[in-house]
Amino acid sequence: MIKIRQLAMLAGAAVALVSCGPQGGLDFSNFDPDLRRWGGGGLETAQAAARAQPRPAPDQRGVISYPGYQVAIARQGDTVATIAARLGLNAAELARYNAIEANTVLNPGAVVALPRRVAAGAPAAAPIVSSTGQVSDPFAGQGIKQPNVPAASGAGAVTSQTLPAASQPKQHVVAAGETAWSIARKYNVSVNDLAQWNGLTQDMTLRTGQRLLIPVAGQSRPATAAVTAPGTGSPTPSPPSSAQPLPNEKTQPAASPVDKPAGPDLGKTRTAASGSGKFRMPANGAIIRTYQKGKNDGIDIAAAPGSTVAAAGSGTVAAITRDTDQVPIIVVRHDGNLMTVYAGLEDVAVTKGQTVSAGTPLGKTRNQGVVHFEVRNGFDSVDPEKYLN
């Protein structure tokens, strides 16, 4: 009898939550499973979900600096102990402050609050790569005095300055029994934004004493079209000609001839600066980027994919190596302390120590269709066009 009464009470509660439809049946359109609209308590977070802005990027060591505090962002495989060592903090103190064991592996992107301020990290130096974006310079920094060039400030640069006070998010210390959903409701934010800002796992697991950043509001929700009730149909839009006539557009027939601008003759670049004639072009194509000391220590040649890349002159294969993307790089040593470097090729056809002549095939052009070619006097790069015939 008691069980039947309990089931009746649960059924009555479910009907009250679902409410009745216009025909006396159950209407699930207003069902509110997490009770955000219950009692008019202002727990609706739909607007907040559209306004959260992304979390600021950390500096070189993973630190985000606000006027009132700092936090560290965990990297892959980080623990509190590794973060403490990186920032010069006491691991036990940092672990106590965040209510976690010092050797627990953190989720990538997880937030670790710092008990006191640390010096901001320096921006990372930009790597030296060729203009193709694929081949690293195999001799970067060797035998060359590097200029003191300030760090880039464009996309991808990492700043280490203290963020403005207006962007400082609130901190919340998790109490026993709290969940990610209850905290999101408390601060009227999206639970997904809360998870992204704090690097939470997919199961939204929290620990008592954990310090969370509350996402900062950003852009307002864009205007959306009105949604009609189910079964009523959508309103028919007015045709454009009902209010005003169509614009008087003057269109050209599809068969009309089109003026084509004259394309640049990239082949002129190949012979514009012919030099001593010691070397020949390693690939059949036009030079699409010229030599710039310290920026592009060679020339980039547009060649057909699968076409032959040949030795520019007679010499000996001094090295065959690969860049970080496992793309082959071939170095040929010539008389007069000169070396030529070939990158952006595949299907290597020579071996280290092999003697080659001008025109000996070294490999094939990759699908990207760009061959990077350098001439070096010792380790110092020189303009290859001054040596081409």
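Quick notes
- Members of region 192-203 that are surrounded by 15 or more Cβ atoms within 10 Å (Cβ to Cβ) and touching a residue at least 40 places away in the same chain (Cβ under 8 Å): Asn192, Asp193, Gln196, Trp197, Asn198, Gly199, Leu200
- Candidate set from region 293-324 (those that are of a type in the set (Ser, Thr, Tyr) and loosely packed, with under 13 Cβ neighbours inside 10 Å); member that is modelled with the highest pLDDT: Thr321
- Checklist (1) assigned to a loop (DSSP other than H, G, I, E, B); (2) β-branched (Val, Ile, Thr); (3) under 25 Å from the mean Cα position of the chain (by Cα) applied to Ile64, failing item: (1)
- All told, Leu87 falls short of being in the same structural domain as Leu200 (by TED's automatic domain parsing), under 21 Å from Gln168 (Cβ atoms) and buried (at least 20 other Cβ atoms within 10 Å of the Cβ).
- Residue check, Val350 closer than 21 Å to Gly285 by Cβ and surrounded by fewer than 21 Cβ atoms within 10 Å (Cβ to Cβ): yes
The values are calculated or read from the model by the stated rules, or taken from the named source; none is laboratory data. Worth saying up front: this structure is predicted, and the values here are computed from it rather than measured. No Cβ is skipped: glycine too gets one built from the backbone with ideal geometry, and neighbour counts run over all protein chains shown.
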